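The structure appears right after this line, and notes come after that.
The values are calculated or read from the model by the stated rules, or taken from the named source; none is laboratory data. Just so we're clear, the structure is a prediction, and the values are computed from it rather than from any experiment. Counting neighbours? That spans all protein chains shown, and the Cβs are built from the backbone with ideal geometry, glycine included. These area figures cover heavy atoms from the full protein model, side chains too; ligands, DNA and RNA do not enter into them. Shrake-Rupley method; radii C 1.70, N 1.55, O 1.52, S 1.80 Å.
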Amino acid sequence: MSPAPTPKRVRAPKPAKPAKTTPVALESRIRACYEGLPGSEARVADVLLNHPGRLATHSATELAADAGVSKAAVTRLIQRLGYESHAAARSEARLAQRWGAPLYLQSEASPGEGRRAAYAQHVAADQQSLAHTLQGLDERALDGSVMALAGARRVVVLGFRNSAWLALYARIQLGLLRPAVDLAPLPSQTLSESLVCLGRGDVILAVRMRRRVPSFAAAIQAARAEGVRIVLLTDPTGTADVPGADWTLACHCRGAAMFDTYVAAVSVINFLASQVAAQLGTVALQRLQGVEHWHGRLGDMV
């Protein structure tokens, strides 16, 4: 009688990786427990609610000094809010700064410096944004973008939130030079209704400055699957967020205070339009002449 076969070893299944969750915002954490906070922790919470960006730049000792409490009160509050450490809380705050959340980008400049001095800082930040954008632009990306926008069967300019008015401006400029330039999403329409019939030979000029909405990436991926080519105009934090862009133009946008600056994005859009005009030559000239002809007929320009 042959011996019984040795039973095979069954490997235990690997534990499933925990699903990624969206981090709970600092303000939401504070408000969820604010009513029950001891006095010293409440004073720290007030500082963070009014100036959440300080969590990204200030140590626990500095936050304690701002609130007029002990460092231990800061540590207790951070733990009560669910953070493992002050470093973990600071990391989340710095990520919010990177996303461009205005509350986290408030200027710490003294109001006693005067409005003109503050505006000088504002202008300096704009100039720096333009200079950094110029340094980072790639010749092939610029050339490819111009050729694509000039030669496409149809151009759709896409943008949400603050990028929406940049997209509108780009659509207006390009629409003066060539036909079949559309804006997406249009008011009172879904994004699908704005992108219908796109395919090979078409181009999307995708304007995606921070902060971004999830539907943007989904739209780009769907358009790519249809053979649409993508010109991506974004800030440096968004260059890796949209896989499959054919050409990427990164525009710096960090302003002097709490709001981003878009002077570099407007400059690049202006440049693209002027280069498309040069590329189209007579076609663009005749379209501009047609626009002027209609201005004369309608009398809609003074």
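In this structure C197 has an accessible area near 110 Å², from a 1.4 Å probe over the protein heavy atoms. For segment 120-189, the square roots a ≥ b ≥ c of the C-alpha gyration tensor eigenvalues yield an a/c of 1.5 or more together with a/b not exceeding b/c, which makes the shape oblate.
Were the residues from Q135 through E27 laid out at 0.36 nm apart, the gain over their Cα-Cα distance would be 35.2 nm.
Length gained on full extension, Y119 to L176, computed as 0.36 nm times the residue gap minus the Cα-Cα distance: 17.1 nm. With R₀ set to 25 Å, the beta-carbon distance separating V196 from D246 gives a calculated FRET efficiency near 0.70.
Taking 0.36 nm per residue of separation and subtracting the current Cα-Cα distance, fully stretching the chain between R297 and A225 would add 21.5 nm.
Placing dummy labels 7 Å off each Cα toward the beta-carbon, the span from N270 to Y34 is 4.3 nm. For M147, the accessible area of its heavy atoms, probed at 1.4 Å with every protein chain present, is near 90 square angstrom. Put W294, W247 in order of accessible area, highest first, and with a 1.4 Å probe you get W294, W247. Residues T190, T237 ordered from highest to lowest accessible area at a 1.4 Å probe: T190, T237. Surface listing: H58, H51 arranged by accessible area from highest to lowest gives H51, H58, probe 1.4 Å.
Note on Q128 and S215: the model spin-label points, each 7 Å out from Cα along the C-beta direction, lie 3.5 nm apart.
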